[in-house]
Structures are given as structure tokens and as C-alpha cells.
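Here the structure comes first, spelled out in C-alpha cells, and everything after it is commentary.
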Amino acid sequence: MSHHHHHGPHAHAHGADGRRLLVALALILGLMVGEVVVGILASSLALLSDAAHMLTDAAALGLALVALRVAARPPRGAMTYGFRRVEALSAIANAVALALLGVWIAVESVRRLASPPDVDGTLVLALALAGMVVNLAATWTLSGANRASLNVEGAFQHILTDLFAFAGTAVAAVVILTLGFDRADPVAALVVAALMLRAAAGLLRAAGRVVLEGAPEGVDPAEVGLALASLPGVVEVHDLHVWELGSGFAALSAHVLVPPGADCHARRRDLEALLHERFGIDHTTLQVDHETPRSLLTIE
């Protein structure tokens, strides 16, 4: 038996995604270096801002790669949930970097609007077009990967916004070449900075929800509680928690009371089936107890 068959189909899926992510990462890093150099030579802030935006893309891709490896590790020792949270932590780091760079570019753009340097439009246009080609290649590479993963989807969204950023830079370069309006460059940079800040806010929201044990997107805990409580033979549901361990991995725990003579296990199976079918939640911990008749309760 070759050691290949050990991992089962799962490991291979990761491998394919990993390769796609690596190709996209290599494309982006190569372009980024070129952009920083040309951005300085052509004194174009729009190019530098594109490069900064791509730096966070590269980070998103790199972290997606790490998370693919790490999140796949089985739970062990103190880490009973495995390493699914690595994703969320990496997304937060990424968001902070995006926000800082975005602010820096915005400040620098405003400074350049006041006294615009001479921008070499030809160089900027050439590089912006090259950037669009590379981004299209990276997008195409990633569109085949598993988009359900928060990280791969995040990387994909990044590269998509990059395409807009490059288009903006290309337009600015054309304006500089045709009208000689050098301020088009910092204006394009400002637009990219705004894109970066928007992306940072979105990332923080998604990652924050995971870290703060919020309910997964699209799952309303009140609705889940109602659905469980309205099941025949369920008296009440309390201590209901729905949270997300990592992307696409929801968990639920609840305390359920059933009438004194009811079959606890049958009720639990009904509840589990309902959660699975209606909400797609499979990782459940349900504590089912019989309701105590009121007369037996001592008055506290």
C-alpha cells in the first residue's frame, strides 16, 4: 500500500487547493515587487497603493495556506477544537494591516493632492495593465479552489477588489497621459485606500463573530430556539448557544425539558434531525431532562 492512500480523499482536496493558492501567491508576490519598484521610479502613489493592497492579498493567501494545513490537524491535548480558530485570528491580523496601510495611503494621497509630483504615466499604465492580467490569472486559479472556506473566499474577494484597484490606476494613467492631470494619481490612490478600509472592516466583522462566539451568518438563534421549542413533546428550551468554530463549522448546545413520562432519547433524535435538516447544524450537544411536576418543587 503506497503511503498516498493513507489520508483519504480529504488530504488530496487540501493539496489541490494548496497548489492553487501557491500559484496565486507566487503571481501576486512577483507583481508586488515590480509595483513597488516602478511606483517609486514613476513616483506613482496609485501603484504603491495597489502594491500595499496586494501585500494584504499575499497575506490572505499565505494565511489561507497555513490554515489549510493547520486547521486540518486533528484536535489533541488542550486543543479540543483542533485549530479551526487559526483562520479567524489570521483574518484579524490581516484586517489590521489593511487598515494601517489604508490610512497611510489616504494621508499620503491628500499630501500629494496639495503638491503633485511629476508622474510617469506610461510606466504606470504599463504596470496597471500587467497587474490586471496577473490578477485575472490569480482569480482564475482560485475560482477552482474550495470557496466555502472563509480563507479561500477571503483571498478570492481580495483579488477581486484588486482588479478594481488596478482598473482605477489604469484610468488615472490614461488621464495623466492625455490631459497631463497629475492629480489623477493620488485620486486613484485614495479610491484604493477606501477599498482597503472597507475590506478591513468586513474581515474584522467576520472574524470577530467567530472569536466572540457569535451565531454563524444566516443562523438566527431566536428562530432556532422557536423551532426546537415548537417540536411536539418539548416543554421548553433554555441555555441555547449557537456559535461557529471556524468557517462553515457551526455548533449548538441547549438544555431541553420534556414532559415527565416522555422518551428523552427519541426527543433528542427528533431535535437533532430538525437541526440537521433545517439549519445544517450537526455538531450538537443537547441535554434533555424531564420537567419536574410543580407540586414536588419546594418553595425556595
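Points worth noting:
- Identity of the residue in the range 181-205, surrounded by fewer than 18 Cβ atoms within 10 Å (Cβ to Cβ) and over 28 Å from the mean Cα position of the chain (by Cα), that ends up farthest from D162 (Cα to Cα): F181
- Residue within the range 239-251 that is in contact (Cβ under 8 Å) with a residue 24 or more places away in the chain, within 30 Å of V96 (Cα to Cα), touching a Leu at 6+ places or on another chain (Cβ under 6 Å) and in a loop (DSSP other than H, G, I, E, B) present: yes
- Cβ pairs under 8 Å, 6+ apart, first in the range 177-200 and more than 19 Å from G39 (Cβ to Cβ), second surrounded by fewer than 18 Cβ atoms within 10 Å (Cβ to Cβ) and among the aliphatic types (A, V, I, L, M): L197/V103; A200/V96
- Residues of the range 226-238 that are within 11 Å of S253 (Cα to Cα) and modelled with pLDDT of 85 or more: V237 alone.
- Breaking point among (1) surrounded by fewer than 19 Cβ atoms within 10 Å (Cβ to Cβ); (2) modelled with pLDDT of 85 or more; (3) over 24 Å from T56 (Cα atoms), for V256: (1)
- Failed condition for M1, given (1) modelled with pLDDT under 80; (2) assigned to a helix (DSSP H, G or I): (2)
- The single condition from (1) at pLDDT below 85; (2) farther than 27 Å from L179 by Cα that D118 fails is (2).
- Verdict on G225 being over 30 Å from F166 (Cα atoms) and outside any helix (DSSP H, G or I): no
- Criterion violated by R205 - all others in (1) free of Cβ contacts under 8 Å to residues at least 40 places away in the same chain; (2) among the charged types (D, E, K, R); (3) touching a Gly at 6+ places or on another chain (Cβ under 9 Å); (4) under 30 Å from A52 (Cβ atoms) satisfied: (3)
The values are calculated or read from the model by the stated rules, or taken from the named source; none is laboratory data. All of these numbers come straight from a predicted model, not from anything done at the bench. Cβ sites come from the backbone with ideal geometry, for glycine too, and all protein chains shown count toward neighbours.
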